[in-house]
Amino acid sequence: MKSDLILLGHGSGGKLSHQLLDEIIIPTLSGISQKNQNDAAVLPFSGDRLAFTTDSYVVDPVFFPGGNIGDLAINGTVNDLVMSGARPLAISVGLILEEGLSIKELRFIVESMRDAALAANVSIVTGDTKVVTRGAADKIFINTSGIGVFEHSLKIEGNRAKPGDKVIINGTIGDHGIAVLASREGLELGVDILSDSAPLNGLVLDAIEKYGEHIHALRDPTRGGVATTLKEIALQSGIDIELEEATLPVRESVEGACSILGLDPLYVANEGKVLFVVDGGMADDILHLLRQHPFGREAAIIGQVVQAQKSEGRVSLHTAIGGRRIVDMLSGEQLPRIC
């Protein structure tokens, strides 16, 4: 560690986050190798398997266009479970409330959590509530854990991408990050940009049911965005990924906002998107299936997997003007407190 202090960048999902995890947290707590680090742990259970995940939500502001910290927490946990190929089953909720939070706001948040769980067909089964003094938190922080069950014997993991695979995303990128940032900073962008926060278990499990043997890896590109997430997969699998800028689905409003703010949509967080790494020969069929689902209507093939030139796994982008640039992990904190 180059610094003796925790920085905001250590929560970005990028290089500093990985450094913190790889040098201190993972070696001390679990020792899990890089290639086996996924969104959910897969646990043996009575001859079968369970998926288990946990996450904490500190988004600022707690209410934003398209959602709030409550439904974001449920959707995020559902999505982390389904990225392993499991069907989400049950969720725990831990609430850390700051003195001074209004009861009206709390009621709205927990009702949003209830409604999100119903929409995703999962149960909130246990939880805990703590209150801290004014100034010790920021209205409300939420921790969730989730359990999922596997209804198949497939292994869908970040270390299973292989040359010839195609990369598919189920829709436009950057919506959530820009929606939260605009709300936080009071930016007048001239157009409403909504968070894409959504439960993806229906979309993903439908794809697994029909094409599971052709789906090699799944990952939701939250902190660090599409770029950092694909870099993680490239490192886990020891392969390279080539993206096509012309096929990246980005809303004109988001692209415009990123241009004004000096941001790259590839690094902006998403909360309702999934990256599929699939058998190249079946990519068009899987794409067609995804486009039949409400959360996949703007799905697109955005790249392909090639043989790695070096062991670190490269991600590159073929630009719309015929150039090529290396796409690395997010190096600092582009948008803090985004989830």
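The values are calculated or read from the model by the stated rules, or taken from the named source; none is laboratory data. Please read all numbers here as calculations on a predicted model, not as lab measurements. Reconstructed Cβ throughout: ideal geometry from the backbone, glycine too, with neighbour counts over all protein chains shown.
Go through segment 122-161 residue by residue and tally those that are of a type in the set (Ser, Thr, Tyr) and either touching a Phe, Trp or Tyr at 6+ places or on another chain (Cβ under 6 Å) or under 15 Å from Ala40 (Cβ atoms) (or both).
So the count comes out to 2.
With respect to the conditions (1) surrounded by fewer than 13 Cβ atoms within 10 Å (Cβ to Cβ); (2) assigned to a helix (DSSP H, G or I); (3) of a type in the set (Val, Ile, Thr), Ile321 falls short on a single one, namely (2).
Residues that are basic (Lys, Arg) and over 23 Å from the mean Cα position of the chain (by Cα) were ranked within segment 108-152; the one that is farthest from Tyr57 (Cα to Cα) is Arg134.
In the set (1) assigned to a helix (DSSP H, G or I); (2) over 21 Å from Thr229 (Cβ atoms); (3) over 16 Å from the mean Cα position of the chain (by Cα); (4) charged (D, E, K, R), Arg49 fails one condition alone, (1). On inspection, Phe295 passes the criterion of being within 24 Å of Arg87 (Cβ to Cβ), out of contact with any Phe, Trp or Tyr (no Cβ under 6 Å at 6 or more places or on another chain), in a loop (DSSP other than H, G, I, E, B) and of a type in the set (Phe, Trp, Tyr). In segment 317-339, the residues that are assigned by TED's automatic domain parsing to the domain that holds Ile178 form Cβ pairs under 9 Å with partners that are part of a loop (DSSP other than H, G, I, E, B) and of a type in the set (A, V, I, L, M), at six or more places apart or across chains, as follows: Leu317/Leu248; Leu317/Val327. Within this structure, Leu205 passes the test of being part of a helix (DSSP H, G or I), at pLDDT 95 or above, surrounded by fewer than 24 Cβ atoms within 10 Å (Cβ to Cβ) and within 20 Å of the chain's Cα centre (by Cα).
Only one of Asp60, Asp80 is charged (D, E, K, R), farther than 13 Å from Pro199 by Cα and not assigned by TED's automatic domain parsing to the domain that holds Pro199; which?
Numbers: Asp80 fails: farther than 13 Å from Pro199 by Cα.
Result of the check over Asp60, Asp80: Asp60.
Beta carbons closer than 7 Å, at least 6 apart along the sequence or on distinct chains, pair a first residue in segment 180-194 that is crowded, with 16+ Cβ neighbours inside 10 Å with a second that is assigned to a loop (DSSP other than H, G, I, E, B) and charged (D, E, K, R) for Arg184/Asp60. When segment 86-115 is filtered for residues that are aliphatic (A, V, I, L, M), under 23 Å from Phe52 (Cβ atoms) and part of a helix (DSSP H, G or I), only Met113 remains.
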